[in-house]
């Protein structure tokens, strides 16, 4: 069974993948490391890559984790990356997120507000009580300092080249990274930014097919 490495979204952990059927692989959940002061997204991705010792790894990244996986894939063409609810370059950010670079309001948001699930509920789009409770538990355990660093690193990301060894899954109802801006390879109708939670069957099926296809080529 093939080992697949999973990188979660902003400050989240393995629970971001807990509703997926990963029986097709041996999942390894990559742990966050402490970012260095003013560290770029690219440099952080290269340090995180050191946790993955295989020379030809399969990596799945969600949201921020997808951006990190993209940087890893650009640096190493032997990586097979699949990103979910993410974007492959800075050019795919919607205009309203680019504004955050020049008006960094997030830096002045108190930590206790950063951990309020209600702040994220509408834009992330959990569906049903199970997903809402799961999202609340993830947000409750987030490190606000890491979250603010990651937002800054995302907004400062200047990557424009899209590596060919990245495939992209995206929900059509993503309110954070609008589907029309990111040009995904695979669209999941009705999926929100939490598409791996609210459309787990569709995402699991795609992952299974993509890595089976990669093994046969």
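The values are calculated or read from the model by the stated rules, or taken from the named source; none is laboratory data. What you see is a predicted model, and the numbers here were worked out from it, not measured in a lab. Every residue, glycine as well, gets a Cβ built from its backbone with ideal geometry; the counts of neighbours run over all protein chains shown.
Looking only at region 50-82, count how many residues are under 20 Å from residue 156 (Cα atoms) and outside any loop (DSSP other than H, G, I, E, B). Step through it out loud before you land on a result.
First, the residues of region 50-82 that are under 20 Å from residue 156 (Cα atoms): 61-75.
Right, trim to outside any loop (DSSP other than H, G, I, E, B) and you get 61-62, 64-75.
Summing the residues that are under 20 Å from residue 156 (Cα atoms) and outside any loop (DSSP other than H, G, I, E, B) in region 50-82 gives 14.
Are any of the residues in region 85-95 touching a strand residue (DSSP E or B) at 6+ places or on another chain (Cβ under 7 Å), under 20 Å from residue 183 (Cα atoms), part of a helix (DSSP H, G or I) and modelled with pLDDT of 90 or more? No, region 85-95 contains no residue that is touching a strand residue (DSSP E or B) at 6+ places or on another chain (Cβ under 7 Å), under 20 Å from residue 183 (Cα atoms), part of a helix (DSSP H, G or I) and modelled with pLDDT of 90 or more.
Of the listed requirements (1) part of a helix (DSSP H, G or I); (2) surrounded by 18 or more Cβ atoms within 10 Å (Cβ to Cβ); (3) touching a residue at least 40 places away in the same chain (Cβ under 8 Å), residue 208 misses just one: (2).
When residues of region 26-57 are filtered for being closer than 19 Å to residue 212 by Cα, in contact with a helix residue (DSSP H, G or I) (Cβ under 8 Å, 6 or more places away or on another chain) and modelled with pLDDT under 95, how many remain? Explain how you work it out, then say what you get.
In the first step, residues of region 26-57 are kept if they are closer than 19 Å to residue 212 by Cα; the result is 26-28, 54-57.
The next check asks that each one be in contact with a helix residue (DSSP H, G or I) (Cβ under 8 Å, 6 or more places away or on another chain); those that pass are 27.
Retained after the next criterion (residues that are modelled with pLDDT under 95): none.
Going through region 26-57 one residue at a time, the tally reaches 0.
You will find that of 116, 107, 148, the residue that is touching a helix residue (DSSP H, G or I) at 6+ places or on another chain (Cβ under 9 Å), modelled with pLDDT under 70, more than 20 Å from residue 174 (Cβ to Cβ) and surrounded by 13 or more Cβ atoms within 10 Å (Cβ to Cβ) is 116 and no other. Of the residues 22, 10, the single one that is surrounded by 15 or more Cβ atoms within 10 Å (Cβ to Cβ), modelled with pLDDT of 95 or more and either in a loop (DSSP other than H, G, I, E, B) or in contact with a strand residue (DSSP E or B) (Cβ under 9 Å, 6 or more places away or on another chain) (or both) is 22. Residue-level analysis places residue 167 outside the set of residues that are loosely packed, with under 15 Cβ neighbours inside 10 Å, outside any helix (DSSP H, G or I), in contact with a helix residue (DSSP H, G or I) (Cβ under 7 Å, 6 or more places away or on another chain) and in contact (Cβ under 8 Å) with a residue 12 or more places away in the chain.
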